[in-house]
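Any read-out appearing in this document is the output of simple, stated calculations on the displayed coordinates, not a laboratory observation. Quantities reported herein were computed from a predicted structural model and do not represent experimental measurements. Heads up, the Cβs are rebuilt from the backbone with ideal geometry, glycines too, and the neighbour counts pull from every protein chain shown.
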Amino acid sequence: MSPAAVSVKLAYPSQAEQMARVIAAAFRDLDASMWLAEGDQRWLDEHYWQFFHLAYTQPAMISGRGVVYTTADEMAAAVWLHEEPWHDRTPTGEFLARLAEITGPHLDRFTQFGEMLDLAHSKVTDTPHDYLGVIGVHPSVWRQGSGRALMQAHLTQLDNQGRPAYLEAADPTKRDIWAKFGFEVVDTITLPGTEHQLFPMWRSPKG
């Protein structure tokens, strides 16, 4: 299926949980996910989606901080968060309590991971931009153009607005994929105790 054949739409707030579950399925077997959960596959299957709901789909869709795109089959999702220099990025007590409840014995790793992402992101937060928090395609529909269609939908809008974009590529393969969309590596994050790296990337608007 070509990217042009994949229909993209905005998800409704009522779909926040559904979109989080799709993303969790897409991320389940990534090296970063296995590191976060310390190899706890049962936790990944049962609870990982709750983290994505708390940290991404809920802020974007319910709190109004961004938008979530999905495909016509609702088996892929991209969460974009609007970032402005005046935004307060300090986690609330409610957020931290819920994070602890969701992650349980894995809280320390999720906290450390969040701090590493925030540190890398802080180097560009003085510039207004949109942040691709997560993009994921359910494994059952991989390689059908869903991810490309989701990405292009919002990048086209950002180019029209003259607005930059930021993301973290989960591994070298995804780094190379996002480079084809105009993203450039601006930092690296190495997971403690491993050689696995993530790649914060920045994209200036085109045209």
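Listed values, structure above:
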item	result
Relative exposure of Ile177, Ile62, Ile135, judged by other C-beta atoms within 10 Å (fewest first)	Ile62, Ile177, Ile135
Net dipole in debye of the chain [+1 Lys, Arg Cβ; -1 Asp, Glu Cβ; about Cα centre; nearest 20]	700
Partner lysines for Lys206 [C-alpha distance under 22 Å; skip if fewer than 8 residues away on the same chain]	Lys123, Lys174, Lys180
Residues with amide H under 5 Å from that of Val134, placed H, sequence gap 5 or more	Val79
Signed unit charges on C-beta, dipole axis of the chain, positive-most listed residue Gln144, Met201, Ala5	Ala5
Alpha-carbon centroids, region 133-169 and region 1-68: separation in whole Å	14
Length gained when the stretch Arg109-His87 is fully extended (0.36 nm per residue, less Cα-Cα span)	5.4 nm
Under 11 Å, Cβ to Cβ, from Pro139 - net charge with Lys/Arg +1 and Asp/Glu -1	+1
Structure-derived Kirkwood radius over Cα pairs in Å: which label, when the choices are (1) 19.1; (2) 20.3; (3) 17.3	(3)
Mean separation of Cα contacts under 8 Å, 6 or more apart, over the residue count of region 8-165: relative contact order %	30
